[in-house]
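Q: Structure in structure tokens, see below.
The values are calculated or read from the model by the stated rules, or taken from the named source; none is laboratory data. Treat the numbers as computed from the prediction; the structure is a model and nothing was measured. Cβ: placed from backbone, ideal geometry, glycine included. Neighbour counts: every protein chain shown.
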Amino acid sequence: MTQKPNPLSSIPVSGPIPAHLARSVIEETLRSAILDGRLPCGTALRQQDLADLFGVSRMPVREALRQLEAQSLLHVITHKGAIVAPLVEGDAAETYALRILLESEALRLSIPLLDADDFAKAARCIDTLETETDYAEIGTLNRQFHMALYGKAPNRRLLNLVENGLIEEERFLRFNLESMGLGKISQDDHRQLLRMAEERDIEQCVKALENHLNRGVEVITRYLNGLDPLGKKAPQ
Ligand code: NI
């Protein structure tokens, strides 16, 4: 009988972690393992196993799991641990509809306050996306591009919600791009968004963002229905 490989064995832990960094190290390590698929959907994560793995008490483990739950990456089970969440939670169209509301508002509030550094940061993300082929990196750069444009919105809670939505998408993008063989995400959209933000054209920029995210809804819906982005049935 072969033993089922322990998914935690794919997680590297280098040396003892200083107590004050424990929560963030655990959170970041688990986050990247979930995003790149080393910890697949449905994987059970026991608090004690994680505490042993990282050589810490259960408290920072519990805190890290809560953070990841807020990002929809896992579901916490009280006193036990957590389970890695499904790729898309609930109704994808509803999730995107809510994201469009939140991101439009963040963009609207942020545009008047953006400065040259923010524009340069967004432009760098676009440039790097041109040549990036690693799916996990593409997802991260997409998130960083969007956050560069929203980041000046003077509402921390709104920005947290927006960023959690983008993290959820980051995870989906990775699987989506890979399984579809889609090499790129819409760079034309990103360039247009940046130009309109630089021109402080709030209404047009928000409209362009809505279109950009609506295209995301179409792709995700096709993916969940087992179709490829061109509308043909995907090979099983
Ligand atoms: Ni985008």
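Results for (1) farther than 13 Å from GLU63 by Cβ; (2) among the small types (Gly, Ala, Ser); (3) modelled with pLDDT of 85 or more, shown as yes or no for each residue.
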position: LYS4; (1), (2), (3): yes, no, no
position: ILE11; (1), (2), (3): yes, no, yes
position: GLY15; (1), (2), (3): yes, yes, no
position: ALA19; (1), (2), (3): no, yes, yes
position: ILE26; (1), (2), (3): no, no, yes
position: LEU30; (1), (2), (3): no, no, yes
position: ASP36; (1), (2), (3): yes, no, no
position: LEU39; (1), (2), (3): yes, no, yes
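Q: So, LEU53, is that one over 26 Å from GLU169 (Cβ atoms) and touching a helix residue (DSSP H, G or I) at 6+ places or on another chain (Cβ under 6 Å) or not?
A: On the way: over 26 Å from GLU169 (Cβ atoms): yes; touching a helix residue (DSSP H, G or I) at 6+ places or on another chain (Cβ under 6 Å): yes.
Yes; evaluated as a whole, the condition is true for this residue.
Q: Would you be able to tell me the number of residues in region 195-219 that are assigned to a helix (DSSP H, G or I), touching a residue at least 60 places away in the same chain (Cβ under 8 Å) and away from the ligand (no atom under 11 Å from the Cβ)?
A: Adding up the residues that qualify gives 8.
Q: May I ask you to list the residues in region 87-143 that are part of a helix (DSSP H, G or I), away from the ligand (no atom under 16 Å from the Cβ), acidic (Asp, Glu) and farther than 22 Å from ARG157 by Cα?
A: Scanning region 87-143 gives a single hit, ASP117.
Here's the yes/no breakdown for (1) of a type in the set (A, V, I, L, M, F, W, C); (2) on the phi > 0 side of the Ramachandran plot; (3) assigned by TED's automatic domain parsing to the domain that holds ARG171; (4) touching a residue at least 40 places away in the same chain (Cβ under 8 Å):
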{"site": "VAL61", "(1), (2), (3), (4)": "yes, no, no, no"}
{"site": "HIS75", "(1), (2), (3), (4)": "no, no, no, no"}
{"site": "ASP117", "(1), (2), (3), (4)": "no, no, yes, no"}
{"site": "LYS121", "(1), (2), (3), (4)": "no, no, yes, no"}
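Q: Can you give me the number of residues within region 144-179 that are under 24 Å from GLY37 (Cβ atoms) and within 15 Å of the ligand (Cβ to nearest atom)? Don't jump to the end; show me each part of the working.
A: Our first condition is that a residue be under 24 Å from GLY37 (Cβ atoms); within region 144-179, this holds for 144-147, 163-179.
Subsequent filtering for residues that are within 15 Å of the ligand (Cβ to nearest atom) retains 144-147, 163, 165-174, 176-177.
Adding up the residues that qualify gives 17.
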